[in-house]
1. Among the residues of segment 641-670, write down those that are of a type outside the set (Lys, Arg), assigned to a loop (DSSP other than H, G, I, E, B) and without any contact (Cβ under 8 Å) to a residue 12 or more places away in the chain.
2. Mind checking which residues of segment 219-246 are hydrophobic (A, V, I, L, M, F, W, C) and crowded, with 17+ Cβ neighbours inside 10 Å?
3. Only residues that are of a type in the set (Lys, Arg) and either in contact with an Asp or Glu (Cβ under 6 Å, 6 or more places away or on another chain) or under 14 Å from Ile560 (Cα atoms) (or both): list them for segment 514-531, please.
4. Would you mention how many residues in segment 46-59 are assigned to a helix (DSSP H, G or I) and of a type in the set (S, T, N, Q)?
5. With the structure loaded, tell me whether Met597 is of a type outside the set (Asp, Glu) and within 21 Å of Tyr48 (Cα to Cα) or whether it fails that test.
6. In the set Glu103, Glu55, Glu84, Glu63, which member is at pLDDT 90 or above, more than 16 Å from Ile6 (Cβ to Cβ) and of a type outside the set (S, T, N, Q)?
7. What's the number of the only condition in (1) farther than 23 Å from Leu17 by Cα; (2) loosely packed, with under 13 Cβ neighbours inside 10 Å that Thr96 fails to meet?
8. Tell me, yes or no, whether segment 166-178 has at least one residue that is buried (at least 18 other Cβ atoms within 10 Å of the Cβ), at pLDDT 65 or above and either more than 38 Å from the chain's Cα centre (by Cα) or not in a loop (DSSP other than H, G, I, E, B) (or both).
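The values are calculated or read from the model by the stated rules, or taken from the named source; none is laboratory data. Computed from a predicted model, the values in this text were never measured in an experiment. Neighbour counts are summed over all protein chains in view; Cβ atoms, including those assigned to glycine, are modelled from backbone coordinates with ideal geometry.
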Amino acid sequence: MKITHIYAENYKTYRRLDLDLTAEEDRPIILIGGGNGCGKTTLFDAIYSALYGLEVKTAHQFEELFNAGVKLEQGMENRSIVLEISFSGMVLGQETPYRLKREYKLIDGKVRWMVELNMNGNRYSYGIASSAAQRAANEEVVNKIIAANLPSELSNYFLFDAMKTSELVKEEQINRLIMKNINSVMGFNKYNQLHEAAVLLLNDKKAAKLENEKQRQEYEKLVHQKQGREAELKQLREDYDQALDYSEERREQYNQLKQGRNADEMTRDRIKKQKESINKVEKKATDFRESVDKVVKDLELNVLFPALADRIRPEVEIIVNERRRLAQERGEEVSDEQLARLTRDILSYLAEQYKAIENVKVDDVVRHIQMGRKHGEALADKHPYLSDANVEVLEKLIKDAYVNQFLPLDNEREAIDMDLAELPRKREQLLSLEKELSGLDYNLITLYEDNEKRLKDLKAKIDEADKDIKKLTEEIATFDYDIPQIPDPQFDMLCKLPGFFKGVSAKLLASKRKSIEQMMKEQLNLNLVVYAGVIGRVDLSSDGNEEVSFKMYHQNGNEIYLSQLNAGAKQTVMQVLLKVLYELGDYNPPVMIDTVMGVLDKESREVILEHYFPDLAHQTILLSTDTEITTEHDLKKIAAHVAKTYTLHRDKEAQCTTVSNDYFGITMKD
């Protein structure tokens with residue numbers, strides 16, 4: 001398979017993409033450059049989606065995929081997202097051209113889609129409006145063509161992001177990957193299918209040869225149970241593989257989300273404290289305003305009275321002190337007021353008893369008593385016009401702690417003014433903290449952890465199913481079959497077929513395994529810089545036709561553990577495996593690599609450029625930044641193998657990507 005052309009319209013960052021991707025036998029590399037965010041991964045997605053289709057069923061999904069610039073200028077209604085890929089593939093030994101077009105259109109808020117395949121002039125089209133029969137027939141043809149060239153389940157091995165390859169280099173993952181490729185990429189599945197078909201036929205024949213009806217029913221029951229458990233086991237393994245893929249694909253995101261959730265919780269705590277600080281300042285300002293209002297309302301009490309008290313304090317203190325002195329000197333004597341009140345009460349009583357006393361005046365009696373006191377002159381009150389109650393009021397006036405409330409309020413105002421001046425900065429900090437919240441959907445954490453539990457459950461069910469199948473196989477083998485007097489060549493052949501197909505598969509596996517081991521050893525010694533020239537052995541140990549374990553050994557005999565390799569070395573191991581499977585497999589697709597250098601160090605890049613990319617495949621599409629494949633140094637190393645170069649440019653204003661026929665300004669010469 002060779003991709004010759006890719007066209008995209010209104011797809012993500014591309015308003016219109018039209019690239020010639022034809023390569024030459026001695027120049028198999030198509031080099032496409034672009035900075036981060038310029039559309040390299042989108043181009044990768046466009047090629048992948050043109051082959052296998054987009055998942056776009058709702059208007060919202062359509063809007064997410066539709067070019068933003070075109071949407072703003074012209075809207076989306078009745079406009080299409082178009083993906084069209086042209087490629088060629090071998091059919092019966094002849095190269096056949098294909099053009100596959102997928103169109104998605106939004107009409108009245110609903111997504112309409114159409115697929116059309118042109119195969120050497122023959123057209124096969126179907127869409128959401130097609131009849132069920134037409135759609136089924138033409139869809140089957142299209143899917144067969146795609147599967148014959150590059151089945152979707154194998155596409156990730158040939159169209160991939162190099163940055164993610166190191167995630168596959170884990171013991172269980174790489175073993176599963178190798179076995180899956182051996183069976184699928186290398187075409188062994190057909191022998192396994194033939195083996196299963198032969199077993200089914202043989203079971204039917206064996207059942208027919210059991211004359212005892214009860215035995216036959218028991219035999220058929222066991223066979224049926226075994227077939228059911230085998231079907232369950234197959235489904236369990238598929239579910240397990242899917243769960244494992246989910247786990248591997250999302251492990252990094254899960255770990256990031258766990259960290260993000262912790263970071264978000266810390267940020268939310270800081271946001272809470274910042275809000276409390278802002279609210280505290282705002283409350284202080286409100287309380288201050290209320291205090292000022294209260295002081296103004298009580299101006300007479302808080303300002304005039306204190307001022308009056310301060311002015312009359314000396315005179316009042318003299319009066320108060322004089323009254324205290326008189327009281328002290330008089331000791332137990334009654335005051336003039338008390339004397340007058342007492343005299344009035346006595347005269348009133350006597351006047352009731354004796355009429356002659358009616359003419360006696362209270363003041364005369366009081367004056368007479370006062371004149372008769374021992375120290376009458378010394379004890380005379382200098383302020384007789386002030387009653388004791390008046391003196392008490394004056395004393396209270398000068399004793400009460402009247403404070404000028406404006407002084408502390410003024411001091412408080414200065415502090416509040418400073419806090420208020422800080423409020424804009426505090427609010428900016430609050431906005432910044434709120435922006436730090438990732439806004440991520442942490443449901444993935446729960447989904448991932450549920451998936452991990454499901455993996456353990458599936459593994460246990462697989463082990464249980466294996467035991468049940470083994471037990472049922474042993475029970476089925478205990479049945480005695482009637483030995484026919486007349487030779488039955490068909491039955492004899494059926495008895496041999498399952499073992500024959502399993503044997504063929506085992507021999508092919510052994511042969512392929514040795515080829516893979518030898519080629520991987522050679523390629524690792526050439527490309528794995530950290531162990532270049534010292535890989536002594538690569539071992540693919542197999543357990544029947546189901547399990548394979550991948551191991552590398554140093555020439556000194558010790559195992560080189562995959563878990564101890566850094567990310568760059570893991571990427572190299574996966575890329576070497578890709579090349580080996582490509583060389584030995586039944587498919588011949590193009591290879592497309594995004595972020596080509598991934599996490600490789602300088603020395604590893606040198607080796608990959610010189611020894612890996614030039615002869616990786618008959619067509620290799622590389623998507624790179626100028627820091628991965630530099631124009632000053634790296635480009636020269638592969639220039640002789642490059643058929644075409646393109647550079648992607650991001651137009652921020654128009655919200656689209658444009659393409660130039662160069663590599664970051666360098667035009668390749670023929």
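1. Residues satisfying the conditions are Glu653, Asp670.
2. Of everything in segment 219-246, those that are hydrophobic (A, V, I, L, M, F, W, C) and crowded, with 17+ Cβ neighbours inside 10 Å turn out to be Leu222, Val223, Leu233, Leu236, Ala243, Leu244.
3. Lys521, the sole residue that qualifies.
4. 1
5. When the stated conditions are applied, Met597 passes them.
6. Just a single option satisfies the conditions, and that option is Glu63.
7. Answer for Thr96: the failing condition is (2).
8. Within segment 166-178, none of the residues are buried (at least 18 other Cβ atoms within 10 Å of the Cβ), at pLDDT 65 or above and either more than 38 Å from the chain's Cα centre (by Cα) or not in a loop (DSSP other than H, G, I, E, B) (or both).
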